[in-house]
Structure formats: structure tokens, C-alpha cells
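Down below is the structure, laid out as C-alpha cells.
Coordinate-derived values only; no laboratory data. Being a predicted model, the structure only gives us computed values, none of them experimental. Cβ: placed from backbone, ideal geometry, glycine included. Neighbour counts: every protein chain shown.
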Amino acid sequence: MLGYGKALVMDEDERVPYVALDDAAKELGISRALLWRLVKQRGITRYKQPGERRTLMKRADMVGLREPVPIDERGDSQGKIAA
């Protein structure tokens, strides 16, 4: 059962659940600003329900944000060893 304010929308074609970005940030324990930055950096597709203001993302993409990312994919040179 969903609590108050939880957005869960089903894509009719794929039957894939979506979650509002605000709710995703709460579930991940991060700020909304950090979530937005991660969504943009990783090229995660965002969705809107017609007539709604809330931005949605696929729950599978949210779960993927918990996975570690190799340093070289982010362009972070701190973890690279000089040749």
C-alpha cells in the first residue's frame, strides 16, 4: 500500500512502475539537488504524467543509482594511476 504523497504510475505497455523524483530522493536518503544532478549526469530519462507537475523516473533507474560507478566513467581522475 502506498503512503500519502507517493506517486506510482504504471506504463501501460511495459507495466513498469515509476516513482516521483522527490520520493526517490527520500528513499535513497539523498537531497533532491543531488538526485537531479545524478539524473542529469547519468542521462536518466525523466517522465511527466499529463496534467501533473511532478517529474517521474523508472524505479529500476532509481535502484541503479545505488550501484557503484567506475571512476573512469565519471571522468574523475583522482582514482587513476599515472603512467
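Here are some notes:
- Scope the stretch 24-45; condition surrounded by 14 or more Cβ atoms within 10 Å (Cβ to Cβ) and under 10 Å from the mean Cα position of the chain (by Cα); matching residues: ALA24, ALA25, LEU28, LEU35, TRP36, LEU38, VAL39, ILE44
- Segments classed as helices (runs of 4 or more DSSP H), wholly inside the stretch 13-65, with at least 1 members that are of a type in the set (Asp, Glu) and free of Cβ contacts under 8 Å to residues at least 24 places away in the same chain: 21-28, 59-64
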